[in-house]
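Take a look at the structure set out below.
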Amino acid sequence: MFPDYANYLLRSKCMVSQFEMSSRGVGSIQRTLNFNWLNNKIVPVPPLSEQKQIVSYLDAKTSKIDKLIANVTKEIERIKEYKQRLISDVVTGQIKVC
């Protein structure tokens with residue numbers, strides 16, 4: 001199995017929910033998976049070439065999402081700075097409010 005494919009697969013909501021349902025333990029921090037349960041599960045493993053295509057697609061999409069998040073985060077910071085500057089200018093009388 002292609003390691004990057006396994007990474008995406010094992011972190012998927014579907015797989016995580018299966019792990020949570022089958023694990024034992026107290027709370028959500030430390031849980032133990034039952035090997036017998038895990039050993040009897042069917043895991044979708046397409047051919048290696050398809051795994052690589054899936055990883056390539058997901059990498060491209062997550063990269064775009066990460067860039068969008070970074071841009072929005074920067075914009076939020078700029079707006080916060082503008083807000084603080086505006087408040088400061090109003091309080092110090094540099095901007096007149098009628």
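The values are calculated or read from the model by the stated rules, or taken from the named source; none is laboratory data. Everything numeric in this text was worked out from a predicted model, so none of it was measured. Virtual Cβ from ideal backbone geometry, glycine too; neighbours counted across all protein chains shown. Heads up: the accessible areas ignore ligands, DNA and RNA and are worked out on the full protein's heavy atoms, side chains in. Shrake-Rupley method; radii C 1.70, N 1.55, O 1.52, S 1.80 Å.
Of all the residues that make up the stretch 48-98, how many are over 18 Å from Asn7 (Cβ atoms) and among the aromatic types (Phe, Trp, Tyr)?
Qualifying residue count for the region: 1.
Hey, can you tell me all the residues within the stretch 50-75 that are open to solvent by 80 Å² or more (accessible area, probe 1.4 Å) and either touching a Ser or Thr at 6+ places or on another chain (Cβ under 8 Å) or of a type outside the set (Asp, Glu) (or both)?
Across the stretch 50-75, the qualifying residues are Lys52, Gln53, Tyr57, Lys61, Lys64, Ile65, Lys67, Leu68, Ile69, Asn71, Val72, Lys74.
Taking the condition of being modelled with pLDDT of 95 or more, closer than 18 Å to Ser12 by Cβ and of a type outside the set (D, E, K, R), how many residues in the stretch 35-62 meet it?
Here the count works out to 10.
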